[in-house]
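Everything below concerns the one structure shown next.
Computed from the coordinates by the stated procedures, all read-outs in this text should not be read as laboratory data. All of these numbers come straight from a predicted model, not from anything done at the bench. Ideal geometry is used to build each Cβ from the backbone, glycine not excepted, and the neighbour counts take in all protein chains shown.
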Amino acid sequence: MEIFEGKASVSSPLLSSRFYPETWEDFVGQDHLVGPQGAVRRLVASGRLPSMLFYGPPGTGKTALARLIAREVGGRFFGLNASLARPSDLKALLQQAVQVFHSTGKPAVVFVDEIHRFNRLHQELLLASTEAGQVVFIGSTVLNPYTTLSKALLSRVLVFEFHSLSEADLQTLLQRALARFFPNRRVVPEVIQRIARLANGDARRALNLLEALLLTVPEDREARTEDLERLVSRRLLRFDRAGDDHYDTVSAFIKSLRGTDPDAAIYYALRLLEAGEDPRFLFRRLLIFAAEDIGLADPRALQIAQAGAAAFEQVGRPEGDLILTEVVLYLATAPKSNTVLRTLQAARRAVQEEAWAEIPQHLRDTHYAGAKKLGRGKGYLYPHDHPEAARQQRYLPENLQHLRFFEPRSVGYEAQLKSTTEEVKE
């Protein structure tokens, strides 16, 4: 078994780089992949290993599983990290792997960590040897592969998603690391629990935090919670403005607002804010939401969102968080209607798809010489002079009279508008 990390192999002193599972039973978490009935474990046991792509948050075991697979299959294993390597390194690695195939008749395993770091053209260097069965490719990425990887490469691999580790998983991992690497050190149970929570599902972060803690505490006494608090007092939230975590949290935020769940809405708003999201982004989403999902059911919602955005600009954080919270709670509890959105879509379809419609003569401009001779404005009823008659005159073009764009619902202020529009239709 040979492992190459980039152009050169560099041993890291970090605990997370020394602590890898050696058997299936050693692996913590990802039971859907490595448990007794796990998909990857069964594939390895079958003896016919396909090319695979591991996708999920950092510190969830993607590299660890690739190493374990290499150990289990007992074949040649070549690996590199795309963040440290160049495309020429990948070419050289593939050449070595193909030579192994020609000399042994068995495909070598080629592992590319952070495969998304290579552009699509360079990713496709893997296609020929993978297609020919000369190598088994295993890739890993923290980004959604369906938006960042070559479609040609995706069609040749099985994609397996990794999930964040639970706090119980992380506590198990930390206890095992203590027993193996620090058998004589004492750590109070509350510290293990606190590290597991601070790590936010990331085993690498948990292990490195444990090691850093033990380096700062004298060996002759136990590590206590106050030692950990001096080292790190705040949970490091996972956040990537271009990644799934960002878009998934924003999606949950909007859907919670739409579902009239103020508790969930403010939770996701604060989760974004505390992780580093720009508050202006949140207010932009709130302004859109006020028009799209509340609309005329409560016309004040848009005004409150706009006022909140302006007030936040004046106040800033942290006091401005109160303003954001007030806006979120108001919008979350306001009556909901997507009538504005439906009306916009329906009217846009008519503009784009219906036959070109002539504007009725009585609605045309009369503010120029000769307009009267052309019949412009003839028959127009001024609403303030003839309110009832004005309702009965035609406004849409003749060929669009059958269309209805605005269909209000019986909710909030829209209920009043529904009554008015039904009177007009009658």
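Add +1 for every Lys or Arg and -1 for every Asp or Glu among the other residues with Cβ under 13 Å from the Cβ of Pro218, and state the total. Numbers along the way, then the final one.
Working: positive: Arg185, Arg186, Arg221, Arg224; negative: Glu219, Asp220, Glu222, Asp227.
Result for the neighbourhood of Pro218: 0.
Seen from all sides and averaged, what is the projected area of the convex hull of the Cα atoms in the stretch 15-161, in nm²?
Working: hull surface 33.1 nm².
Taking the Cα atoms of the stretch 15-161, their convex hull projects to 8.3 nm² on average.
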Report the Stokes-Einstein translational diffusion coefficient (µm² s⁻¹, integer) for the stretch 167-231, Rh taken as the Kirkwood radius over Cα pairs, at 20 °C with viscosity 1.002 mPa s.
187 µm²/s
Between Phe78, Ala347, Gly133, whose Cα lies farthest towards the positive end of the dipole of the chain when Lys and Arg beta carbons carry +1 and Asp and Glu beta carbons carry -1, centred on the Cα centre?
Gly133
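Of all alpha-carbon pairs in the chain, indicate the percentage at a distance above 35 angstrom. If you can, show how the numbers build up before the last one.
Details: 48450 of 90525 pairs.
Value for the chain: 54 percent of Cα pairs lie more than 35 Å apart.
From the Cα gyration tensor of the stretch 44-91, with a ≥ b ≥ c the square roots of its eigenvalues, which class applies: rounded if a/c is under 1.5, or else prolate if a/b is larger than b/c, or else oblate? The partial results should precede the final answer.
Values: a/c = 2.11, a/b = 1.32, b/c = 1.60.
It is oblate, given that a/c is not under 1.5 and a/b is not larger than b/c.
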Environment charge of Glu319, counting only residues whose C-beta is closer than 13 Å and scoring Lys/Arg +1, Asp/Glu -1
-2
Which value, in debye to the nearest 20, gives the size of the charge dipole of the chain about its Cα centre, when Lys and Arg are +1 and Asp and Glu are -1 at the Cβ?
1020 debye
Helical contribution to [θ] at 222 nm, DSSP H n ≥ 4, -39,500 (n - 2.57), averaged over the chain, rounded to 500
-14500 deg cm²/dmol
Lys and Arg at +1, Asp and Glu at -1: neighbours of Gly105 with Cβ under 15 Å from its Cβ sum to +3
Taking every alpha carbon pair in the stretch 123-210 and sorting the distances into 5 angstrom bins from 0 up to the bin holding the longest one, the percent per bin comes out as 2, 12, 19, 13, 10, 9, 10, 11, 8, 4, 1
29 Å Cα-Cα reach of Lys418 towards lysines, excluding residues that sit fewer than 8 places from it in its own chain
Lys255, Lys336
Put one equal scatterer on each alpha carbon of the stretch 358-425, apply the Debye formula with no solvent term, and list log10 I(q)/I(0) at q = 0.19, 0.20, 0.22, 0.29 1/Å to two decimals.
-0.88, -0.93, -1.02, -1.21
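Mind running the shape call on the stretch 244-333? Use the C-alpha gyration tensor, a ≥ b ≥ c as the square roots of the eigenvalues: rounded below 1.5 for a/c, prolate if a/b tops b/c, oblate otherwise. Don't skip to the answer; put the middle values down first.
Values: a/c = 1.70, a/b = 1.07, b/c = 1.59.
Note, shape of the stretch 244-333 comes out oblate.
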